[in-house]
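Since the structure comes first, as structure tokens, the remarks are kept for the end.
The values are calculated or read from the model by the stated rules, or taken from the named source; none is laboratory data. Remember, predicted model here, so these are calculated numbers, not experimental data. So basically every Cβ, Gly included, is an ideal-geometry build from the backbone, and we count neighbours across all protein chains shown.
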């Protein structure tokens, strides 16, 4: 499953909207996902070097964080639950950690 340029841009915007809604900092995300800043920037930027597995992991992490914060954000338009089922056929997706808002 590869994304078009428009789909990558939409996904990047949706990642950023979800991140903004959570109130999490980049440092929070980096610590929770155990990523470096280059990897997070590439995934948030939705560029051609983005690892699809990272995009899904970030999506799952942010969806859970939005839910845990009790805020509403428009759902992902490309990284949908149905597309996640398809993505599991091509990629070895990782379970995303959850942020402790406690």
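Results, tabulated for the structure shown:
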{"quantity": "Helices (runs of 4 or more DSSP H) (entirely within region 9-102) containing at least 3 residues that are touching a helix residue (DSSP H, G or I) at 6+ places or on another chain (Cβ under 6 Å) and at pLDDT 95 or above", "calculated": "52-69"}
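Each row is one residue, and each column tells you yes or no for (1) within 18 Å of residue 90 (Cβ to Cβ); (2) more than 11 Å from the chain's Cα centre (by Cα); (3) surrounded by fewer than 17 Cβ atoms within 10 Å (Cβ to Cβ); (4) free of Cβ contacts under 8 Å to residues at least 60 places away in the same chain.
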residue	(1), (2), (3), (4)
2	yes, yes, yes, yes
5	no, yes, yes, yes
10	no, yes, no, no
20	no, yes, yes, yes
24	no, yes, no, no
28	no, yes, yes, no
33	no, no, no, no
37	no, yes, yes, yes
47	no, yes, yes, yes
